[in-house]
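Values quoted throughout were computed directly from the atomic coordinates according to the rules given, and no laboratory measurement underlies them. Model, not experiment: these values are computed from the prediction. Positions of Cβ are backbone-derived with ideal geometry, glycine not excepted, and every protein chain shown enters the neighbour counts.
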Amino acid sequence: MVAGAFVDDAGGLTLDNVRTAASGPYLTAFVRSLQLSAITAVVGAVLGALLAWAVVTGAPDGWLRRVVTSASGVLAQFGGVTLAFAFLATVGFEGLVTVFLRDRGIDLFAGGAWIFELPGLVLVYTYFQIPLMVIVFLPALDGLKPQWLEAARSLGGSSWTYWRRVAGPVLAPAFFGSMLLLFANSFSAYATAAALVSQGSPIVPLQIRNLQTSEVVLGQQNLGRALGLGMVLVVVVVMSAYALLQRRTTRWLQ
């Protein structure tokens, strides 16, 4: 992929593929991919962290923890055609919820076919981002020692002081590291978007698919490799930052 990004159709070295990948509709696709990844990472991290905290406050071996962790393990891997079909059957043009609300005077698609655009991808991606956050953030919450809260209260500190001075700084690297992991997970996802968006290529993975398979743009596979190289560079930066944050998290929660 790296070599192909800098080779033209005749086999000579060129920078045209990289220049094209960083301009026009391909740059727009990168921006949309970054927006999609950032939005779903933030929403998934916040909601997933709240759900993980609700699990931690319960009994360590209780039914709530077992059910939530088991469901999160399954739903975090639930994607592709099955997930796209599930959402279309639920909130599509003739989905169960859509028809139910339409009969009561509420039209979910009054503003357009949002389910097939960026808002629809945000909704669908968040579905598997939240359980993934639960899985990766739960160990950090388990690392909080009850003695820290007791020590803070014995010294006259309130619950707010404990979270601001102790728990917050300790959990911050794990939280932001998990958010970066969710960002990379969303940025590299392909199958769900490919199954949901039948027309157009709003994000980079779909642009690459189009360049590799479409007869209209036949012969531009190396441009697809340049786009893939751009995705790899983004993921490398994100995962490097994630590794650094995880290292600090491990040190603080030992």
*Cα Rg over Rh - region 116-250, Kirkwood*: 1.17
*What FRET efficiency, computed as 1/(1 + (r/R0)^6) with R0 = 41 Å and r the Cβ-Cβ distance, is obtained for Trp160 and Phe78, rounded to the nearest 0.05?*
0.65
_At q = 0.17 Å⁻¹, what log₁₀ I(q)/I(0) does region 45-168 have when each alpha carbon counts as one equal point scatterer in the Debye sum?_
-0.92
*On a 0 to 90 degree scale, rounded to 10, what angle separates helix 168-188 from the longest Cα axis of the chain?*
20 degrees
*Taking 0.36 nm per residue of separation and subtracting the Cα-Cα distance, what length does fully extending Leu64 through Asp142 add?*
26.6 nm
*So how do 10-20, 104-114 stack up, highest first, on mean other-Cβ count within 10 Å?*
10-20, 104-114
*Can you check what the Kirkwood hydrodynamic radius comes to for region 30-79, Cα pairs only, in Å to one decimal?*
12.4 Å
_Can you report the principal axis dimensions of region 1-68 using only the alpha carbons, biggest first, rounded to whole angstrom?_
65, 22, 12
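I'm a student and want to see the number: the projected area of the Cα convex hull of the chain, averaged over all directions, in nm².
Details: hull surface 71.3 nm².
If you wrap the Cα atoms of the chain in a convex hull and average its projections, you get 17.8 nm².
For the ranges 65-73, 146-154, 132-140, what's the packing order if you count other beta-carbon atoms within 10 Å of each residue, average per peptide, and put the highest first? Before the final figure, lay out each step's value.
Values: 65-73: 15.0, 146-154: 12.2, 132-140: 22.8.
My ranking of the peptides, most packed first, is 132-140, 65-73, 146-154.
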